[in-house]
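Colleague: The structure under discussion is supplied below as structure tokens; questions concerning it will follow.
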Amino acid sequence: MQNPPTRTQVAIIGAGPAGLLLAHLLHRRGIDTVVLESRDRSYVERRQRAGILEQGTVDILRATGAGRRMDRQGLRHDGIELRFGGESHRIDFPSLTGGRSVMVYAQTEVVKDLIGLRLDEDQPILFEAEALEISGIDGDSPQVRYRRRGQEHTLACDVVAACDGFHGIGRRSLPGADTFERVYPFSWLGVLADVPPSCEELIYAHHPEGFALHSMRSPEVSRLYLQVSPDERLENWSDARIWDELANRFAVDGGWELGTGPITDKSITPMRSFVTEPMRHGRLFLAGDAAHIVPPTGAKGLNLAAADVTLLAAALLRWYRTGDEGGLDSYSADALRRVWRAEHFSYLMTSMLHAQPSRDPFELRLQLAQLHYTATSAAAATSLAENYVGLPLPGAEDIVE
Ligand SMILES: Cc1cc2nc3c(=O)[nH]c(=O)nc-3n(C[C@H](O)[C@H](O)[C@H](O)COP(=O)(O)OP(=O)(O)OC[C@H]3O[C@@H](n4cnc5c(N)ncnc54)[C@H](O)[C@@H]3O)c2cc1C
């Protein structure tokens, strides 16, 4: 593209899952968008993050033509395993939720699919274009000033959708917002390994030494996590130490073998809950991590981003088609209702499964009581399953033709 566009209907900042899905949903319904992304394409497509898609996220990708590769390569999962006290217990999703399940399909692949669709359809997505300032959101023609290849440009629009993640400029540009935050006293050491998963479904392990999660990205690649202290350093964790500690935390009575292989990626992620309210001011709308962060224990981050933009796309469509601002006016309250539900679920999973740094024996017994209840009560298991596969996605029916 020689000259970048100077005007569009919806200016979208950020080519993460939120921005790309919003652009895709709006383009299908004839609404023009320009996506501005500060990083290059290769960086965005390789950034290792989430990997579990709720049923509603799967449904919206599939119904809008973005799910073809997901349906070929994704792994449908009908349950998870809880391990604690040397035993393992399975939570079966379809029988507890009326047939719903989740899909294991990496965020990197969702992002690649959405970028591919956008470029195939010759729709504007400007990489290495960093939004610097959002202005005019109290009027009806806001603008985004951005820098690309050393030059500054201005993009005029009807609406700005800030899908620019936790460190973007969107949230800072929204006046008068309240923020709510909880920082957990532990982090996750995450590794990607070239080894087939040692399990068919995810294992969430509670262990006195700390939580461990066995997940996967494909039949050949495993994704594994260990709870570590927030000040832990990667250089303290040799590959051998990681595999030993994982085997220790996943151990069950009667034995279980963890396959090992070359580790290709290692990182440490802090655990945090964060919400900003409201998610809209005038013509500026926040979506995804720009407005909220959840600890990854509930696998909700990417799914909340998808839920926000489905709701926002439906509201924008209604406004452009009929002039009715009702959906735009209720966007923030509607989105926040789901956000806080996901915050609570993520908090519950996190506090049930992680060892407290104090090693408080009272806390440990409470956790084991809750785990035992979840493993043996249909009501408790249903609550976990319903939240894990995700509640119905408001706006989905309106935006899918
Ligand atoms: C290290 C890590 C691990 C995670 N693991 C999991 C997990 O296991 N499970 C789970 O469910 N969730 C996980 N998450 C959360 C999940 O990845 C996010 O919730 C999801 O990426 C949110 O999508 P988003 O589009 O809102 O934001 P992002 O994916 O952060 O995308 C925002 C985009 O905006 C761009 N941007 C930022 N500022 C600007 C600017 N000024 N101008 C232009 N572009 C800008 C960024 O480069 C980025 O591409 C993880 C997150 C992190 C950080």
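Colleague: Can you give the accessible area of Val102, probe radius 1.4 Å, in Å² rounded to 10?
Modeller: Ignoring ligands and nucleic acids, Val102 comes out at about 10 Å².
Colleague: Let me ask something additional. Just by accessible area at a 1.4 angstrom probe, what is the order of Glu363, Glu325 from largest to smallest?
Modeller: Largest to smallest exposure gives the sequence Glu325, Glu363.
Colleague: For the stretch 246-339, take the alpha-carbon Rg, divide it by the Kirkwood Rh, and send me Rg/Rh.
Modeller: Using only Cα positions, Rg/Rh for the stretch 246-339 is 1.23.
Colleague: Hey, for a label at Trp256 modelled as a point 7 Å past Cα toward Cβ, could you say which residues of the stretch 75-108 have their backbone N under 12 Å away?
Modeller: Correct set: 80-91.
Colleague: Sticking with this one: Could you sort Lys300, Lys266 by their accessible area in this structure, using a 1.4 Å probe and putting the largest first?
Modeller: Values: Lys300 10, Lys266 65 Å².
From most exposed to least exposed: Lys266, Lys300.
Colleague: Let me ask you something else. Using a 1.4 angstrom probe and counting only protein chains, how large is the accessible area of Glu152 in Å², to 10?
Modeller: 100
Colleague: A follow-up question, please. What part of the accessible area of the chain, given as a whole %, is carbon or sulfur when the probe is 1.4 angstrom? Display every interim value, and only then the final one.
Modeller: On the way: 7980 of 16970 Å².
Answer for the chain: carbon and sulfur cover 47 percent of the accessible area.
Colleague: For a quick check of your reading of the filter: which trypsin sites (Lys or Arg not before Pro) in the stretch 339-387 sit in a DSSP loop and have no more than 11 other Cβ atoms within 10 Å? Can you show the working numbers first?
Modeller: Values: sites: Arg341, Arg359, Arg365; in loops: Arg359.
Sparse-neighbourhood loop trypsin sites (Lys or Arg not before Pro): Arg359.
Colleague: Apply 1/(1 + (r/R0)^6) to the Cβ-Cβ distance of Arg341 and Gln151, taking R0 = 51 Å, and write down the FRET efficiency to the nearest 0.05.
Modeller: Values: r = 44 Å, r/R0 = 0.86.
Efficiency for this residue pair is about 0.70.
Colleague: Here's another thing I want to ask about it. Could you give each residue of the stretch 257-270 its phi-based ³J(HN,Hα) in whole Hz, using Karplus coefficients 6.51, -1.76, 1.60 with θ = phi - 60°, and x for Gly or Pro?
Modeller: My calculation for the stretch 257-270 gives 9, 9, x, 10, x, x, 8, 9, 7, 9, 7, 10, 10, x Hz in order.
Colleague: If you count only protein heavy atoms and use a 1.4 Å probe, how large is the accessible surface of Asp289, to the nearest 10 Å²?
Modeller: Here the accessible area works out near 50 Å².
Colleague: Follow-up question, since we're still on this one. Pairs of alpha-carbon atoms within less than 8 angstrom and 6+ residues apart define the contacts here; what relative contact order does the chain have, in percent? It would help to have the intermediate numbers written out before the result.
Modeller: Details: 825 pairs, mean separation 83.0, N = 401.
The value is 21 percent.
Colleague: Long-range amide H contacts for Gly51: which residues qualify at under 5 Å (H placed 1.01 Å from N, peptide plane, sequence gap of 5 or more or a different chain)?
Modeller: The list, which skips near neighbours in sequence, is Gln107.
Colleague: Further, regarding this structure: Suppose R0 equals 35 Å. What FRET efficiency, 1/(1 + (r/R0)^6) with r the Cβ-Cβ distance, do Ala333 and Ser377 give to the nearest 0.05?
Modeller: With a Förster radius of 35 Å, E is 0.60.
Colleague: Additional query: Pairing the Cα long axis of helix 361-376 with the longest principal axis of the chain, what angle in degrees results, from 0 to 90 and rounded to the nearest 10?
Modeller: Approximately 80 degrees, to the nearest ten.
Colleague: Using a simple spin-label model with points 7 Å from Cα along the Cα→Cβ vector, what separation in nm is obtained for Arg68 and Asp120?
Modeller: 0.4
Colleague: How many angstrom separate the Cα center of the stretch 158-180 from the Cα center of the stretch 109-152?
Modeller: Here the answer is 15 Å between Cα centres.
Colleague: Residue by residue, what Karplus-based ³J(HN,Hα) values in Hz, rounded to whole numbers, does the stretch 147-158 have, using 6.51, -1.76 and 1.60 with θ = phi - 60° and x for Gly and Pro?
Modeller: Karplus values, whole Hz, x for Gly and Pro: 10, 9, 6, x, 10, 8, 9, 10, 10, 8, 7, 8.
Colleague: Apply the Karplus curve 6.51 cos²θ - 1.76 cosθ + 1.60, θ = phi - 60°, to the phi angles in the stretch 279-293 and return the couplings in whole Hz, x for Gly and Pro.
Modeller: 9, 8, 9, x, 9, 10, 10, 9, 8, x, 4, 4, 10, 7, 10
Colleague: Now, a different point. Where the only charges are on Cβ atoms (+1 Lys, Arg; -1 Asp, Glu), what is the dipole of the stretch 136-247 about its Cα centre, to the nearest 20 debye? Present the calculation step by step, with values, prior to reporting the outcome.
Modeller: Values: 11 positive and 18 negative charges, 114 e Å.
Computed about the Cα centre, the dipole is about 540 debye.
Colleague: Starting from the residue with the highest accessible area, list Glu257, Glu109 in decreasing order, probe 1.4 Å. Don't skip to the answer; put the middle values down first.
Modeller: Working: Glu257 155, Glu109 35 Å².
The ranking, largest first, comes out as Glu257, Glu109.
Colleague: In whole angstrom, note down how far apart the Cα centers of the stretch 1-71 and the stretch 373-397 are.
Modeller: Measuring centre to centre over Cα atoms gives 27 Å.
The values are calculated or read from the model by the stated rules, or taken from the named source; none is laboratory data. All figures in this text were calculated on a predicted structure; none of them were measured in a lab. Quick reminder, even Gly has a Cβ in these numbers, built from the backbone with ideal geometry, and neighbours come from all protein chains shown. Surface areas here come from the heavy atoms of the whole protein model, side chains and all, with no ligands, DNA or RNA. Shrake-Rupley method; radii C 1.70, N 1.55, O 1.52, S 1.80 Å.
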